[in-house]
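J.: First, the structure itself, so that you have it in front of you.
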Amino acid sequence: MSTPSRATASVAAILAESAARYPDDVAVIVGAQRTSYAELWSQTLAYAGALREKGVGEGDRVAMLVPNVADFPRVYYATLALGAVAVPVHALLKRHEIEYVLRDSGATILVCAAPLLGEGAAGAALAGVDVVTVLAPDSSVDPHGTGHDRLEALAETAEPLDTYVPRDPFDTATILYTSGTTGQPKGAEGSHFALLEQVNTNLMSTFDITRGDVLLGALPLFHTFGQTCTMNTGFRAGATIVMLPRFDGDAALAAMVEHGCAVFMGVPTMYMALLDAATRSEARPRLRYAISGGASLPLAVLQRFEQVYGAPLHEGYGLTETSPVATFNHVGRTPRPGTIGTPIWGVDVEIADPAVTDSIALLPHGEIGELVIRGHNLMNGYLNRPEDTAEAIVDGWFRTGDLGTKDDDGYLTIVDRTKDMIIRNGYNVYPRQVEEVLAQHPDVTMAAVFGVPHELHGQEIEAAVVLREGATVEPDELVRFVSDEIAAYKFPRVVHVVEALPLGPSGKILKRALVERFSAQEAVGSAS
């Protein structure tokens with residue numbers, strides 16, 4: 001390997017440095033298993049040696065289908081230590097979706113957790129990609145085996161790496177697939193520089209996380225929020241991460257109490273689940289504060305959480321393409337509920353005219369427009385998609401597709417996704433505003449508002465809600481509740497009571513699934 005003639009960097013340094021500085025501190029807790037920083041790094045170097053023997057070298061793409069267990073960081077940092085590129089795969093994908101990610105990323109190998117082999121190995125076979133497993137039973141215990149090499153066994157005999165391979169700071173470290181709300185998912189390439197700078201900015205002037213803090217690792221690590229904000233930021237600080245292989249409100253509450261978690265990070269649906277869990281348990285963790293992102297948090301949920309859990313909740317905003325954090329209600333300042341805070345250090349976030357596509361036309365404070373972002377946190381681009389990259393990054397600004405406003409103090413507020421906006425009789429309706437009202441009803445735990453095609457109005461406004469256990473409210477009552485609070489053209493004409501809302505792998509509500517489901521049904525009963 002030729003030595004680069006300028007600055008080098010590696011995201012693998014996050015774990016290497018903390019292992020050197022805090023070798024005996026606990027890095028990861030999964031169930032009863034505790035792993036120290038020194039153990040985690042030596043296991044990572046052994047995994048890297050095994051992957052090297054499998055032919056993985058600098059720049060190769062290593063796909064990984066691993067839940068929130070200690071093997072996630074082992075495989076992730078082992079890949080990065082080799083100078084290869086980590087391609088985390090959403091754990092809920094089916095075989096053809098996995099095949100797509102493997103082919104599109106050009107992955108040469110898939111590291112797959114044994115419980116996920118059903119779809120993972122099938123997807124790899126379709127793509128013609130080699131599979132190694134983690135978490136598979138030892139072959140002496142399981143005589144039939146899985147037919148795939150076990151990474152743990154390979155690591156026992158392989159020569160471990162001495163340390164990580166230095167990379168150019170702008171080399172791609174990760175390829176994360178965006179959820180593909182329109183068309184096929186796109187692989188966002190994150191550089192070592194953007195990911196490291198994000199972590200350092202998070203720790204120095206955005207979050208409040210220090211060595212010895214215990215964080216709940218409930219966010220999926222294959223997703224940018226959990227990967228950067230919990231894992232990379234937590235390990236960089238020397239914190240302990242309690243990993244939950246599967247999120248559940250009751251289990252999360254119990255784990256936070258048992259391990260003394262100081263910080264919780266989650267998406268809005270997780271906060272709703274924790275509030276629900278709190279009705280069944282008196283126990284409360286001693287949280288210093290909580291972080292919400294991934295989607296807009298209804299104000300009523302934020303206030304209820306602060307009341308029930310006795311901890312301030314700080315909301316922020318970001319995207320896979322921005323590594324992810326772009327704005328935050330910075331810790332140390334009183335959060336402004338209902339806002340996503342101010343831009344993080346070194347990053348500019350402004351409001352631009354969404355109608356001007358070939359350049360960035362910034363709007364004055366107070367006007368609604370598209371959030372645009374520039375700074376050290378931008379991705380390198382979408383893998384092999386120069387046209388999509390050119391459409392998304394204009395004049396150095398990333399166009400988010402989200403609508404919002406910025407006030408004179410620099411605080412930003414999200415109004416809605418441009419594609420979620422409903423146009424009824426020519427009026428713009430922002431579902432988030434309607435959801436905020438529904439969230440205030442004592443019987444509603446979750447709500448989603450969406451537009452369905454309508455011959456007369458263009459689109460009609462409908463809502464799907466999940467009710468509290470034992471709730472007796474009728475759909476018509478909810479329609480009246482909202483219509484009393486907002487303008488006549490904005491309230492939902494139909495409210496559907498559902499058992500659960502469709503959620504994506506990162507816990508976001510999938511509105512397009514609701515639109516498909518309820519557009520197909522004839523709208524029953526309307527009030528205009």
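J.: Are any residues in the stretch 11-54 part of a loop (DSSP other than H, G, I, E, B) and touching a helix residue (DSSP H, G or I) at 6+ places or on another chain (Cβ under 6 Å), and if so, which ones?
T.: VAL11, ALA12, TYR22, PRO23, ASP25
J.: In addition: Give the stretch 427-442 a look and list any residue that's in a loop (DSSP other than H, G, I, E, B) and of a type outside the set (Ser, Thr, Tyr), or say none.
T.: Within the stretch 427-442, GLN440, HIS441, PRO442 qualify.
J.: Something else: Considering VAL356, VAL325, VAL331, VAL372, which residue is farther than 25 Å from ARG284 by Cα, touching a residue at least 40 places away in the same chain (Cβ under 8 Å) and not polar (S, T, N, Q)?
T.: When all the criteria are applied, what remains is VAL325.
J.: Please specify each residue of the stretch 444-474 satisfying the condition of being at pLDDT 90 or above, farther than 18 Å from PRO502 by Cβ and buried (at least 17 other Cβ atoms within 10 Å of the Cβ).
T.: Listed by number, the residues that qualify are GLU460, ILE461, VAL473.
J.: For the stretch 392-416, what are the residues that are under 30 Å from PHE170 (Cβ atoms), at pLDDT below 95 and surrounded by fewer than 21 Cβ atoms within 10 Å (Cβ to Cβ)?
T.: Within the stretch 392-416, GLY401 is the sole residue that qualifies.
J.: Being over 21 Å from LEU196 (Cβ atoms) and surrounded by 22 or more Cβ atoms within 10 Å (Cβ to Cβ) is the filter here, so list the residues in the stretch 318-338 that pass it.
T.: Hit for the stretch 318-338 is ASN329, nothing else.
J.: Follow-up. May I ask you to say which residue of SER42, SER18, SER10, SER36 is farther than 14 Å from ALA84 by Cα, among the hydroxyl-bearing types (Ser, Thr, Tyr) and buried (at least 18 other Cβ atoms within 10 Å of the Cβ)?
T.: SER18 is the lone residue from the list that is farther than 14 Å from ALA84 by Cα, among the hydroxyl-bearing types (Ser, Thr, Tyr) and buried (at least 18 other Cβ atoms within 10 Å of the Cβ).
J.: Only residues that are over 21 Å from the mean Cα position of the chain (by Cα) and closer than 19 Å to SER36 by Cβ: list them for the stretch 197-212, please.
T.: Within the stretch 197-212, THR210, ARG211, GLY212 meet the criteria.
J.: Shifting gears a bit: Kindly provide the set of residues from the stretch 105-136 that are of a type outside the set (A, V, I, L, M, F, W, C) and either under 18 Å from ARG150 (Cα atoms) or buried (at least 20 other Cβ atoms within 10 Å of the Cβ) (or both), ordered by number.
T.: Across the stretch 105-136, the qualifying residues are SER105, THR108, PRO115, GLY118, GLU119, GLY120, GLY123, ASP130, THR133.
The values are calculated or read from the model by the stated rules, or taken from the named source; none is laboratory data. Since the model is a prediction, treat every value here as computed from it, not as a measurement. All Cβ positions, even for glycine, are placed from backbone atoms using ideal geometry, and neighbour counts span all protein chains on display.
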